[in-house]
Amino acid sequence: MRPVTAPGGAPDALVVDFAGEEFVVAPGDTFTVGREGDLAIDDNLFLHRHFLVIEKVEGLWLLSNVGSRLSATVTDSGGRVQAWLAPGARLPLVFAATSVVFSAGPTTYDLTLRLSAPAFRETPRVDEADGQSTIGEIPLTPSQRLMILALAEPVLRRDGTGRSELPTSAQAAERLGWTLTRFNRKLDNVCDKLDRSGVPGLRGGVRSFATNRRARLVEHAVSTRLVTREDLDLLDEEQPSGDDVVHADL
């Protein structure tokens, strides 16, 4: 498989974009992503040698997780549809552009998969005239949004590198001028809220849970546009000294 600078090859080929480097995958090819493979993305020992596999099966492009521990967050380019690709799982690629975000240890990676002839055709979005929020959106208090932004800042600020180092809770708390206790309380609250809404991977008791939970929160928040690059200015605004006045979900 050779990297290319623009989509090409067969009209139904798939293009993998990682940090601005593009690879064309033709029908009949099997493309592997991991520490080794067609796209050897990093020397990170937390990353599987072979993690993701892309291939066309019976006329449909499939993304498979062939790893044993790591999962990936997969969304369409607009962040409207999200799937959590667990070890052993696979899903069809039907959108013109699909974002894949995953973490290995403290490092988060993202790549984009593009199809020139996607099976899914987008229906134009019609915004509600009264400006009401869509049912099912997760409401966040200002301090909860700040907490997520402090964790996701390296991912949101990256410039085409395809990889970002996840800050520790202590580093994120210092960025906000908060105590670590306050930060961890907000992190617990947000993870509980998202878990109740059906977002997987935010609860558990394994030894590496602290890092995994932060990584999973960042994956979800960035993939679903819960926070965006445009929100980063909030981190430099003067914040009130007290916590939000909130309801029981805090």
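The values are calculated or read from the model by the stated rules, or taken from the named source; none is laboratory data. Computed from a prediction, not measured in an experiment: that's the story for all the values here. Ideal geometry is used to build each Cβ from the backbone, glycine not excepted, and the neighbour counts take in all protein chains shown. Protein only, heavy atoms only, side chains kept; ligands, DNA and RNA dropped before computing areas. Shrake-Rupley method; radii C 1.70, N 1.55, O 1.52, S 1.80 Å.
Couple of notes before you dig in:
- Counted by Cβ distance under 13 Å from THR32, the other residues give a net charge of -2, where Lys and Arg count +1 and Asp and Glu count -1.
- For the stretch 23-102: rounded, prolate or oblate by the Cα gyration tensor [a/c cutoff 1.5]: oblate
- Accessible-area rank, largest first, for ARG196, ARG145: ARG196, ARG145, with all protein chains present and a 1.4 angstrom probe.
- Residue-by-residue Karplus 3J(HN,Hα) for the stretch 224-235, coefficients 6.51, -1.76, 1.60, Hz, glycine and proline x: 9, 6, 4, 10, 10, 4, 5, 7, 5, 4, 4, 5
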